[in-house]
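**Q** The structure's right below; bear with me while I get my questions together.
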Amino acid sequence: MKLKRQKQAKKTISFYKYNFSFRQPFQVLIDGTFCQAALKNKIQIKEQIPKYLMGEVQLCTTNCALKELETLGKELYGAKVILQRFQIRSCSHFKSPVPASECLLSMLGETNPHHYFIATQDFGVTEEVKRLPGVPLIYIVVNTMVLEKPSAASQGRVAAVQAGDLVTPAQQQSISSLKEQQGLGPEEGGRGRKRKRKRSNPNPLSCLKKKKKKGKAPPTPANKGEGDGKKGRSRSSKKRKTGDGPSEPGGPAGSQ
């Protein structure tokens, strides 16, 4: 019977690990009713819960749970001594304590973001926890600790996620972080904020100074001879050479 119970607990823990991102050390939130039942049935909470959950565990409680045991008198003194040994998680009722059942449910919220296991014998808390998806429940039955099977709410949430109808809180967080990295987060007015461009260094080629042209421009065909120090022939010189030849009949030479 003990081996069967251990296998069932392993299966339940795997369900919460793969579907609700539970990781070690597991955080077990305990109230006074669980400590009283453990004391009555001679169960060592610090020793048996880590063995039962097969991993590292952080046992914790709240100030409201401790205050409740203080007000209940000497009958629950032993449970108070046990509860004082656990870590205290801060709640929103520090100045005005509330009943432990109300405090534990407020620590869970709607999605159990801190991945708490709840250890309680309070029937009202147990019924409320079963309505919340992703909250493992531990209680004591006949000298034995029992990890409740995943509730219908948890199984329904997993089925909806697998069908693509819902997104898990872990997936929502990863999606929002990716949107922030890409600059797609929502802004006031409903418009998406613009993506910030990273400052980049200027193009090194654009920073170079322009080189000044050295020397004169290359000679053109008209003044090519001037560049060599020699005078080029022109049309006027050709005309002069033609004028030194025999004169026309109407000129002075023909009058003789």
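Read-outs throughout are calculated quantities, based only on the coordinates presented, and are distinct from any laboratory measurement. Just so you know, these numbers come straight off a predicted model, no measurement behind them. Virtual Cβ from ideal backbone geometry, glycine too; neighbours counted across all protein chains shown.
**Q** Indicate the gyration tensor shape class of the stretch 110-167 (rounded, prolate or oblate), computed on the Cα atoms with a ≥ b ≥ c the square roots of the eigenvalues: a/c under 1.5 is rounded; otherwise a/b larger than b/c is prolate and the rest oblate.
**A** Taking the square roots of the gyration eigenvalues as a ≥ b ≥ c, the stretch 110-167 is prolate.
**Q** In whole Å and largest first, what semi-axes does the C-alpha gyration tensor of the stretch 11-170 yield when each eigenvalue is scaled by 5 and square-rooted?
**A** 27, 18, 13
**Q** I need to check one value: relative contact order of the stretch 112-164, counting alpha carbon pairs closer than 8 Å and at least 6 residues apart, in percent.
**A** It comes to 31 percent, rounded to a whole number.
**Q** Another question, then. Using the Karplus equation 6.51 cos²θ - 1.76 cosθ + 1.60 (θ = phi - 60°), what ³J(HN,Hα) coupling, rounded to whole Hz, does each residue of the stretch 77-84 give in order, writing x for Gly and Pro?
**A** Once rounded to whole Hz, the list reads 5, x, 5, 5, 4, 5, 5, 5.
**Q** Then there's this: Each residue of the stretch 37-48 in turn: what ³J(HN,Hα) in whole Hz from Karplus with 6.51, -1.76, 1.60 and θ = phi - 60°, glycine and Pro shown as x?
**A** Rounded to whole hertz, the list is 5, 5, 5, 5, 9, 6, 9, 8, 5, 5, 8, 8.
**Q** Right, next: DSSP loop (so not H, G, I, E, B), at most 13 other Cβ within 10 Å: list which GluC sites (Glu not before Pro) in the stretch 1-89 pass both filters.
**A** Answer in residue order: Glu56.
**Q** Convex hull over the alpha-carbon atoms of the stretch 36-116: what's its volume per residue in Å³?
**A** Once divided by residue count, the hull of the stretch 36-116 is 105 Å³.
**Q** Charges only on Cβ, +1 for Lys and Arg, -1 for Asp and Glu: so what's the dipole of the stretch 1-128 about the Cα centre, in debye to the nearest 20? Let's see the in-between values first.
**A** Working: 18 positive and 11 negative charges, 168 e Å.
Dipole of the stretch 1-128, to the nearest 20 debye: 800 debye.
**Q** Additional query: What are the trypsin sites (Lys or Arg not before Pro) within the stretch 24-58 that DSSP puts in a loop, where the Cβ has at most 12 other Cβ atoms within 10 Å?
**A** Of the trypsin sites (Lys or Arg not before Pro), the ones in loops of the stretch 24-58 whose Cβ has at most 12 other Cβ atoms within 10 Å are Lys42.
**Q** So, one more: Cα-Cα over 21 Å: which of Lys17/Lys51; Lys10/Lys51; Lys42/Lys130; Lys42/Lys74; Lys67/Lys149?
**A** From Lys17/Lys51; Lys10/Lys51; Lys42/Lys130; Lys42/Lys74; Lys67/Lys149, over 21 Å: Lys42/Lys130; Lys67/Lys149.
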